[in-house]
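Trainee: I'd like to ask you about the structure that follows.
The values are calculated or read from the model by the stated rules, or taken from the named source; none is laboratory data. The structure presented is a predicted model; accordingly, all values stated were derived computationally and were not measured. FYI the Cβ positions are ideal-geometry reconstructions off the backbone, even for glycines, and counts take in every protein chain you see.
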C-alpha cells in the first residue's frame, strides 16, 4: 500500500481545526483509507487490456 498512507495525526488535527468531532473525523478518515486500499487492490487485480 505504498503511497496510499495517510498522516493520521495531521489529518485528525486538520479535521478538528475545521470543526469535526474527533471520533467522527477518525471514522471518516479510516473509511477513506480503506477505500483507497480497496481501489488500489482492484486496479492491481484487473487483467491488462487487449
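Trainee: Before we move on, is residue 46 out of contact with any helix residue (DSSP H, G or I) (no Cβ under 6 Å at 6 or more places or on another chain), surrounded by 10 or more Cβ atoms within 10 Å (Cβ to Cβ) and modelled with pLDDT under 80?
Mentor: Taking the combined requirement at face value, the residue does not satisfy it.
Trainee: If you don't mind, another one. Determine whether residue 25 is at pLDDT 75 or above and part of a helix (DSSP H, G or I).
Mentor: Yes; evaluated as a whole, the condition is true for this residue.
Trainee: Which residues, taken from region 30-42, are under 11 Å from residue 5 (Cα atoms) and either surrounded by 12 or more Cβ atoms within 10 Å (Cβ to Cβ) or in contact with a helix residue (DSSP H, G or I) (Cβ under 8 Å, 6 or more places away or on another chain) (or both)?
Mentor: 30, 32, 33, 36, 37
Trainee: Scan region 13-22 residue by residue and report those that are assigned to a helix (DSSP H, G or I), modelled with pLDDT of 80 or more and surrounded by 10 or more Cβ atoms within 10 Å (Cβ to Cβ).
Mentor: Result: 13, 14, 15, 16.
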